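Undergrad: Have a look at this one before I ask anything.
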Protein chains: 2
Amino acid sequence: MDKYEKVFELAKRRGFLWNSFELYGGSRGFYDYGPLGSTLKRRIEQVWREFYVIQEGHMEIECPTIGIEDVFIASGHVGGFSDPLCECKKCGEAFRADHLVENVMNAAGTLSAEQLTQVIKEKGITCPECGGEFNDAYEFNLMFKTTIGPGTGRQGYLRPETAQGMFVDFQRLSRFYRDKLPFGAVQIGKSYRNEIAPRQGVIRLREFTQAECEIFVDPRNKKHPNFERFAGRELVLYSQAAQEAGEPVRMTVREAVEKGVIAHEVLGYNIALTNEFLTKVGIDPARLRFRQHLKDEMAHYAIDCWDAEIETDRFGWVEIVGIADRTDYDLSAHARVSKTELYVYVEYDEPKMVTRFTVKPNMGKLGPIFKGKAKVVADALKQLSEAELSQAEIKVTVDGEEVTVSSDMVEFAEETVKVSGENVVPHVIEPSYGIDRIFYGTMEHAFEEENVAQKAAESGLKGSGEEGEEGPAVEAGGEAEGEAEEETRLVMRFSSAVAPVQVAVLPLLTRKELSDPAKDIVGKLREKNLLAAYDDSGTIGRRYRRNDEIGTPYSVTVDYDTLEDKTVTIRDRDSMRQVRAPVEGIENLLYELIYRGRSFESAGKPFNF
Amino acid sequence: MDKYEKVFELAKRRGFLWNSFELYGGSRGFYDYGPLGSTLKRRIEQVWREFYVIQEGHMEIECPTIGIEDVFIASGHVGGFSDPLCECKKCGEAFRADHLVENVMNAAGTLSAEQLTQVIKEKGITCPECGGEFNDAYEFNLMFKTTIGPGTGRQGYLRPETAQGMFVDFQRLSRFYRDKLPFGAVQIGKSYRNEIAPRQGVIRLREFTQAECEIFVDPRNKKHPNFERFAGRELVLYSQAAQEAGEPVRMTVREAVEKGVIAHEVLGYNIALTNEFLTKVGIDPARLRFRQHLKDEMAHYAIDCWDAEIETDRFGWVEIVGIADRTDYDLSAHARVSKTELYVYVEYDEPKMVTRFTVKPNMGKLGPIFKGKAKVVADALKQLSEAELSQAEIKVTVDGEEVTVSSDMVEFAEETVKVSGENVVPHVIEPSYGIDRIFYGTMEHAFEEENVAQKAAESGLKGSGEEGEEGPAVEAGGEAEGEAEEETRLVMRFSSAVAPVQVAVLPLLTRKELSDPAKDIVGKLREKNLLAAYDDSGTIGRRYRRNDEIGTPYSVTVDYDTLEDKTVTIRDRDSMRQVRAPVEGIENLLYELIYRGRSFESAGKPFNF
């Protein structure tokens, strides 16, 4: 079993991830989040909201997952969102043509369908499933199609990204922010890609969750007001130059922006913010890097683009976030297709004097002569140059017909006017997160098989015999011994910020005199907004193991001493150490351990080590 | 403008609801949640989670919105999820055939497409849009269709409800709960219905959010362990009998269950829980009732079914929640189609002695004679009756061929065995919430146009002149006067539990010495998990109005006195009264006002009234 399989075995068994439609044999590219997975996923999303909505102030919106065709014509997805597809003539199995060709040549991804077909024929590539021949490769659009309304209805698509919602709502959003740049908006929701042959489990899904942020900035000012917050932060950058050298570099954000490695401050700030977010939810910093798009992979309109990549055991480096400066590409495209100007009026710090050529048709004179056509004649006159207007008889073409206007019917002049601002089409900085991949990343990076005996020896955990006189130590010590007997334990070292259960409360025995105070503690912890679970099934040792496997950072055990001295045992998941602390104020103590970085050693009276 | 239009005008202007794809002319049946709407909606969902996941312990799962065909064959949606459709021959417009017929006869909803076609012809019903004739009505399936994968792919549907996810995952869920009934699971997510002609705005959407809970119970025990919690609660019940009488009745949950008005305790408990939830998120109890399905509208398999209905200005009584006992219908249907037994093994309190007839084929003798077929012969023998097995020569049919088995090759007997439990197919109790309709309900029920002058007179609010000597009163009083000058104010009386902004913090002027302490207060409120907004744009009076329109329960104003005496003004949205309270501890004070029901009068030193 490789690590992916091990993580998945645990994920299925413990209710993190299940194959969708398992009852009916499943369907590739779809997964269900079970009870613990759903909680973990929501917590990751919640931390994301804290970063982007609460701290950064980019408000969240929610648009439909079904979109109408115009939107995706403008976005380019109708025209260009496709992968080259090859089908086996014999067994009918579908493959990505570029993946078939990858093994025999480099840069297969840059070839057209025609070129791929040629290579497949020349190299005699056949179906990996049955050895059959392939038909010609063609571009397969990856959007799921559907029909809105009855009959022939209206063409609809399941959105391939959430971003378009923010672009389509740009005018509404701009008004909401009182037309002041910069502003941003986010969306967390489902997106869809009808992958040709998803073979990478949860890494390549047909239905997935994105968290995307579109930040609209003034193109003339890409400094970030809060840049100093992250300027000194060191990042692992796999820049274009570093990729040529074959080795990522460590560099502060300030240095990267000053040297032009990262294009500007807004992008630098957002890359650092992503770094902060990912490590907060439990991505291992040692397996995280930011890779810059190479010139030939970057979209033609983009100024700069970076992917956060994490290292995985089976799939190598996997992209989980993209952070790009998309310029005015999206807004301009929507403006063109919708025939609606999309801009923000930006006031100058102080008004400017601007000289410009103005044409003033005399409607009093044009009206009697051109009647109903006077307005179009006037509009046509406004388009003429000074030279054309200087003729005695001015010629204009109206509705395909040339008409003559005498020079007294129009005035023109160079004027100097005071201009207090201008219309600006904002540039878009887009951090785009793949939540399912981050979810998987937190699971794989949290996963550990630990040799318990060795761990116990290293950390000085002792058996119970030596503390025989102390009541609590006997019981808990007995369990510690029980722990040491098993050779390895599976432990999910989830960050407290995302662990689906933060505290397990365990009565030593399933008896009312112990379960009642245990349930009281659960109540107090929930009151404090901690995710607390009551668990009385099986021996204490088994319950500790179960909670290690689901990544519960702390377990609280209620035993008979609790009834006498009003203290409980708190066990730390990672070190397996235990302390004894009073029931009174236990909710505050755990809150501090989880959210305030309080050290476990300070949490109570150590015993058992 | 009716109330719906007024609510919508405010909803659009303030960023609650926008028409989807407005830039491209929109598309019926789709709405966007703007920044405040998205927050309000998420808070409603969050309260729902507190009720169902945290309190009731029904864990949340997340399944794909795209489903494979088998699932919806089993659920009955492929066969029967349709509305009768009529298209105009002239203009092509589509209509619900039953809606067309509703005006000329009762119970149009119960007619078949053929019957509707006949009525339309007989009564000469023509297109309301253009007067054209209609073609024949036919059943239109309301699921959005799509294709999974390339080529002819696999038929997929956008789920019409989230419930099927819990049924398909039943075995996984049962294992998660260690096979102990009752247990439940919930899902909050998008569902889709390709409505023929959605004409009721946000009430009838093609894409909508559901929160559904499936509670799996032992069919032999529909008592609720926690029934006493709600037993004395009075509900407005529009039962089958009450509907005949034309008047809802008020009744306690206990009385309703005892009299058989509500089928059993689990259903009674869940109706009361729904009542509790809806009033908590701001549905007006005076505009809420529970209507029982009539015998002819209830699904044939259901035992009892109730809809929570709210009264709206334009649409009358609208269903927003359904609570049903669906028996074992769903699990049995999935078991049949998937050919997988779906049950929970339930242990008896003590083992039972059961007498049964057992057949034991002697494989040692069958083997040499029937060779490879011995196993199927043995299986066939097990199906025979005592009489058939008592023959000297026993005949069985195997693979369409009759074979003869001699009597010494099989033993049979009546045996009495100890049985310690049995397999039970659970019944399903399903509370199903339409989140978008609840969202609209909270908006319409919160909406009020208030005559400010009258209100001021009633509540004894005074102008500022009389308190001229007191510094803070001058400024704030001036604003109160400003408030009184406008004739009406729009105010959204959102419950604090769901208001998208809970506290607005307003520096009197946009100057650093005031904005800095205001921002500090925002920080402290957020630390306390309160939704706080900083707002410094426009006069205080305008900011109060804006916050009334978005339903902010409390506004905190920082003025020059704040710098001297470290106090701020807190204004109560509903009464427009103001008190002066210390900055120190302001976050706890507001927390208590919002979550602990502390009275506003006790919040500080009153002034200005």
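Any read-out appearing in this document is the output of simple, stated calculations on the displayed coordinates, not a laboratory observation. What you see is a predicted model, and the numbers here were worked out from it, not measured in a lab. A quick note on method: Cβ atoms are made from the backbone with ideal geometry, for glycine too, and the neighbour counts reach across all protein chains shown.
Undergrad: Helix check for chain A. Which DSSP H runs span at least 18 Å along their own axis by Cα, with a mean Kyte-Doolittle hydropathy no less than -1.0?
TA: Counting only whole DSSP H runs, the qualifying helices are A:35-49, A:265-280, A:471-485, A:512-527.
Undergrad: Quick one: if the Förster radius is 45 Å, what FRET efficiency do A:E122 and A:I54 give, using the C-beta to C-beta distance and rounding to 0.05?
TA: On the way: r = 57 Å, r/R0 = 1.26.
Calculated value: 0.20.
Undergrad: Averaged over its residues, how many other protein chain Cβ atoms are within 10 Å of peptide A:185-192's Cβ atoms? Intermediate values should be presented prior to the final figure.
TA: On the way: counts 3, 2, 3, 2, 2, 6, 0, 4.
Across the residues of A:185-192, the mean count of other-chain Cβ atoms within 10 Å is 3.
Undergrad: Sticking with this one: Near A:K566, which aspartates and glutamates are there with a Cα under 12 Å away, not counting those fewer than 8 places off in the same chain?
TA: A:E584
Undergrad: Straight-line reach from A:K373: which aspartates and glutamates have a Cα under 14 Å away, not including same-chain ones fewer than 8 places off?
TA: Of all the aspartates and glutamates, those that pass the test against A:K373 - Cα under 14 Å, at least 8 places apart if same chain - are A:D399, A:E401, A:E402.
Undergrad: Here's another thing I want to ask about it. Below 17 Å, Cα to Cα, which lysines can A:K121 reach? Residues fewer than 8 away in the same chain don't count.
TA: Partners found: A:K89, A:K90.
Undergrad: Can you pick out the pairs among B:K259/B:K280; B:K41/B:K223; B:K352/B:K382; A:K519/B:K259; A:K190/B:K280; A:K3/A:K519 whose Cα atoms lie more than 26 Å from each other?
TA: Working: B:K259/B:K280 28 Å; B:K41/B:K223 33 Å; B:K352/B:K382 24 Å; A:K519/B:K259 35 Å; A:K190/B:K280 29 Å; A:K3/A:K519 37 Å.
Violating the 26 Å limit, Cα to Cα: B:K259/B:K280; B:K41/B:K223; A:K519/B:K259; A:K190/B:K280; A:K3/A:K519.
Undergrad: Suppose you put the label 7 Å out from Cα in the Cβ direction; list, shortest first and in nm with one decimal, how far A:G541 is from each other copy's label.
TA: 7.7
Undergrad: Still on this structure, please answer the following. Please rank A:V236, B:V346, A:V556, fewest neighbouring Cβ atoms within 10 Å first, as an exposure proxy.
TA: So the residues, fewest neighbours to most, are B:V346, A:V236, A:V556.
Undergrad: With +1 assigned to the C-beta of every Lys and Arg and -1 to the C-beta of every Asp and Glu, and no other charges, what is the dipole magnitude of the stretch A:353-424 about the Cα centre in debye, to the nearest 20?
TA: Computed charge dipole of the stretch A:353-424: roughly 300 debye.
Undergrad: Rounded if a/c is under 1.5, else prolate if a/b beats b/c, else oblate: with a ≥ b ≥ c from the C-alpha gyration tensor eigenvalues square-rooted, which is the stretch A:268-321?
TA: oblate
Undergrad: With only Lys, Arg, Asp and Glu charged, each at its Cβ (+1 for the first two, -1 for the last two), find how big the charge dipole of the stretch B:156-277 is about the Cα centre; round to the nearest 20 debye.
TA: I would put it at about 360 debye.
Undergrad: Only helical DSSP H runs with n ≥ 4 go in: add -39500 (n - 2.57) per run for chain A, normalise by residue count and round the 222 nm mean residue ellipticity to 500 deg cm²/dmol.
TA: Computed ellipticity for chain A at 222 nm equals -9500 deg cm²/dmol.
Undergrad: What percent do you get for the relative contact order of chain B when only Cα pairs under 8 Å and 6+ apart count?
TA: On the way: 1118 pairs, mean separation 70.6, N = 609.
Relative CO of chain B lands at 12 percent.
Undergrad: Treat the count of other C-beta atoms within 10 Å as a stand-in for reagent exposure and order A:E122, A:E448, B:E311 from fewest to most.
TA: A:E122, A:E448, B:E311
Undergrad: Sticking with this one: With unit charges on the beta carbons (Lys and Arg positive, Asp and Glu negative) and the dipole taken about the Cα centre of the stretch B:353-424, which residue among B:V424, B:P368, B:L389 sits farthest to the positive side?
TA: Positive-end residue among those listed: B:P368.
Undergrad: Further question on the same structure: Would you mind listing the distances between the A:S385 label point and the same position in each other copy? Use 7 Å along Cα-to-C-beta, nm, one decimal, shortest first.
TA: 10.8
Undergrad: Which entries in B:K512/B:K605; A:K375/A:K395; A:K12/B:K339; B:K375/B:K395; A:K528/B:K180 show an alpha-carbon gap greater than 18 Å?
TA: B:K512/B:K605; A:K12/B:K339; A:K528/B:K180
Undergrad: Which Cα, out of B:P500, B:V410, B:Y433, lies furthest along the positive dipole direction of the protein assembly as shown (beta carbon charges, K/R +1, D/E -1)?
TA: Of the options given, the answer is B:V410.
Undergrad: Based on Cβ point charges of +1 for Lys and Arg and -1 for Asp and Glu, what charge dipole magnitude is obtained for the stretch B:482-609 about its Cα centre, in debye rounded to the nearest 20?
TA: Magnitude of the dipole: close to 320 debye.
Undergrad: Taking the rotation that carries B onto A, look along its axis and tell me which residue of B has the beta carbon nearest to it, distance in whole angstrom.
TA: B:T146, 2
Undergrad: Sticking with this one: Taking the number of other C-beta atoms within 10 Å as the exposure measure, put A:L563, B:L181 in order starting with the fewest.
TA: Lowest to highest Cβ neighbour count: A:L563, B:L181.
Undergrad: What residues qualify as long-range amide H neighbours of B:V346, i.e. H under 5 Å apart, gap of 5 or more or another chain, H built at 1.01 Å from N?
TA: B:E422, B:N423, B:V424
Undergrad: Shortest first and in nm to one decimal, what separations exist between A:E448 and its copies in the other chains, measuring from label points 7 Å along the Cα-to-beta-carbon line?
TA: Inter-copy label distances (nm, one decimal, shortest first): 5.7.
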